[in-house]
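The values are calculated or read from the model by the stated rules, or taken from the named source; none is laboratory data. Worth saying up front: this structure is predicted, and the values here are computed from it rather than measured. Ideal geometry is used to build each Cβ from the backbone, glycine not excepted, and the neighbour counts take in all protein chains shown.
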Amino acid sequence: MALDIRTVGIIGAGQMGNGIAHVCAAAGLDVRLNDRDPDRIGAGLAAIEGNLTRQVQKGTLTEEQSRSAMGRIVTARGFSDLEACDLVIEAATEDEATKRQIFQALCPTLRPDTLVATNTSSISITRLAASTDRPERFIGIHFMNPVPLMQLVELIRGIATEDPTYEAAKHFIAKLGKISTMSEDFPAFIVNRILLPMINEAIYTLYEGVGSVESIDTAMKLGANHPMGPLQLADFIGLDTCLSVMQVLYEGLADSKYRPCPLLVKYVEAGWLGRKTKRGFYDYRGETPVPTR
């Protein structure tokens, strides 16, 4: 029988982690939020409170529901505070070595029946599962950004993931009021396998001088009816994340069509990572974003 998930541990209180904490708490689940940086937990809780307040203002949540949701989120100082969790989701940086270290330190502190998941957007679930003591209870649960607004969650089974783990994850996503799709464990799964090469091609289009930042984004917004241009979207995702997904695709599938654009590499080397650093394909330091090329 699939495990009923009532208490969720989340490792990483950044944009993805606090978004996952938000939707879990709003759905009535107890949340334990962990991050190695205490300041990030404070910032994460402030972001959740701000997002819940916005939902109250829009009328999608009541004041009481918002207060209750905040009350269900507890800070977990260390992995030992996650012992009571039915499911622990890792939402740390998109770096395989970091994730493996987390799982190796985390698993000995958990109950034997606790499920472990990763929110990776591209790394092999089978490989990450192999760094745990429970590959059959390990699964990829890839939320889309921003988590409170995006309906889709990709579920990715590793080679060892057992049916009850998948069923429990599916029920958990339904409980959050979201829709899950099943992906096989191939580099970047479904959404990023299609989306990131499109963004990378847009960067090549800029790099080769086919169009300016503004003309490329306008073309895709008005010509393909995309809500956001690909370069604007790259800045929103984070250019470092875009590059790491393209590297996973390029290395994992050994096909030159996935080669990261040299201009993307250059921007990341410059530390221009998009919105989070105030500069990427647009400069966000003024009142309105200005193209940097």
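Looking at (1) assigned to a helix (DSSP H, G or I); (2) surrounded by fewer than 20 Cβ atoms within 10 Å (Cβ to Cβ); (3) free of Cβ contacts under 8 Å to residues at least 40 places away in the same chain, can you tell me which one Tyr204 breaks?
Result: Tyr204 fails condition (3) only.
Quickly run through region 141-162 and pick out the residues that are touching a strand residue (DSSP E or B) at 6+ places or on another chain (Cβ under 9 Å) and farther than 24 Å from Cys242 by Cβ.
The answer is Arg157, Gly158, Ala160, Thr161.
How many of the residues making up region 83-105 are in a helix (DSSP H, G or I) and under 20 Å from the mean Cα position of the chain (by Cα)? It would help to see each step written out before you state the result.
Of all residues in region 83-105, those in a helix (DSSP H, G or I) come to 96-105.
When the remaining residues are screened for being under 20 Å from the mean Cα position of the chain (by Cα), the result is 96-103.
Looking only at that region, the number is 8.
Tell me which residues, restricted to region 24-40, are surrounded by 22 or more Cβ atoms within 10 Å (Cβ to Cβ) and either out of contact with any strand residue (DSSP E or B) (no Cβ under 8 Å at 6 or more places or on another chain) or acidic (Asp, Glu) (or both).
Ala26, Asp35
Restricting to region 134-152, name every residue that is under 15 Å from Ala169 (Cα atoms) and of a type in the set (A, V, I, L, M).
Listed by number, the residues that qualify are Ile139, Ile141, Leu152.
Give the residue that is farthest from Asp95 (Cα to Cα), with candidates limited to residues of region 243-293 that are part of a helix (DSSP H, G or I) and of a type in the set (Asp, Glu).
Glu269
Report whether or not Ile237 is modelled with pLDDT under 95 and buried (at least 19 other Cβ atoms within 10 Å of the Cβ).
On the way: modelled with pLDDT under 95: yes; buried (at least 19 other Cβ atoms within 10 Å of the Cβ): yes.
Here the answer is yes, as Ile237 does meet what is asked.
Of these, Pro164, Pro197, which one is in a helix (DSSP H, G or I) and assigned by TED's automatic domain parsing to the domain that holds Gln247?
Values: Pro164 fails: assigned by TED's automatic domain parsing to the domain that holds Gln247.
The match here is Pro197.
Quickly run through region 141-161 and pick out the residues that are surrounded by 18 or more Cβ atoms within 10 Å (Cβ to Cβ), assigned to a strand (DSSP E or B) and without any contact (Cβ under 8 Å) to a residue 60 or more places away in the chain.
Ile141, His142, Val153, Glu154, Leu155, Ile156, Arg157
Here's the yes/no breakdown for (1) under 30 Å from Arg127 (Cα atoms); (2) in contact with a strand residue (DSSP E or B) (Cβ under 7 Å, 6 or more places away or on another chain); (3) not basic (Lys, Arg):
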residue	(1), (2), (3)
Gly17	yes, yes, yes
Gly42	no, no, yes
Gly59	no, no, yes
Gln65	no, no, yes
Asp81	yes, yes, yes
Thr98	yes, no, yes
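Report, by residue number, each residue of region 113-148 that is within 20 Å of Leu196 (Cα to Cα) and either touching a Ser or Thr at 6+ places or on another chain (Cβ under 6 Å) or of a type outside the set (S, T, N, Q) (or both). Walk me through how you get there before you give the answer.
Our first condition is that a residue be within 20 Å of Leu196 (Cα to Cα); within region 113-148, this holds for 118-125, 140-147.
Residues satisfying the conditions are Ile123, Ile125, Gly140, Ile141, His142, Phe143, Met144, Pro146, Val147.
In region 121-140, what residues are under 21 Å from Ser244 (Cα atoms), modelled with pLDDT of 95 or more and buried (at least 24 other Cβ atoms within 10 Å of the Cβ)?
Hits for region 121-140 are Ile125, Leu128, Ala129, Ile139, Gly140.
For Ser66, all conditions in the list (1) free of Cβ contacts under 8 Å to residues at least 12 places away in the same chain; (2) in a helix (DSSP H, G or I) hold save one; what is the number of the exception?
(1)
Please determine whether any residue of region 72-81 is modelled with pLDDT under 95 and either of a type in the set (Ser, Thr, Tyr) or over 18 Å from the mean Cα position of the chain (by Cα) (or both). Please lay out each step first, then the result.
From region 72-81, those modelled with pLDDT under 95 are 77; that's our starting set.
After this cut, where a residue has to be either of a type in the set (Ser, Thr, Tyr) or over 18 Å from the mean Cα position of the chain (by Cα) (or both) as well, the list is 77.
Yes, there is a match, as at least one residue in region 72-81 is modelled with pLDDT under 95 and either of a type in the set (Ser, Thr, Tyr) or over 18 Å from the mean Cα position of the chain (by Cα) (or both).
Quick check on my filter: what residues within region 14-60 are closer than 14 Å to Val88 by Cβ, part of a loop (DSSP other than H, G, I, E, B) and touching a Leu at 6+ places or on another chain (Cβ under 9 Å)?
Of all residues in region 14-60, those closer than 14 Å to Val88 by Cβ come to 17, 20-21, 24, 29-35.
Narrowing the set further to residues that are part of a loop (DSSP other than H, G, I, E, B) leaves 29, 35.
Leu29 - this is the single residue of region 14-60 that is closer than 14 Å to Val88 by Cβ, part of a loop (DSSP other than H, G, I, E, B) and touching a Leu at 6+ places or on another chain (Cβ under 9 Å).
Take the residues in region 248-262 that are over 14 Å from Ser124 (Cβ atoms) and touching a helix residue (DSSP H, G or I) at 6+ places or on another chain (Cβ under 6 Å), then tell me which one is surrounded by the fewest Cβ atoms within 10 Å (Cβ to Cβ).
Residues of region 248-262 that are over 14 Å from Ser124 (Cβ atoms), as a first pass: 250, 254-262.
Imposing the further condition that a residue be touching a helix residue (DSSP H, G or I) at 6+ places or on another chain (Cβ under 6 Å) reduces the set to 250, 258-261.
Working: Tyr250: 17, Tyr258: 21, Arg259: 13, Pro260: 20, Cys261: 21.
So the residue we want is Arg259.
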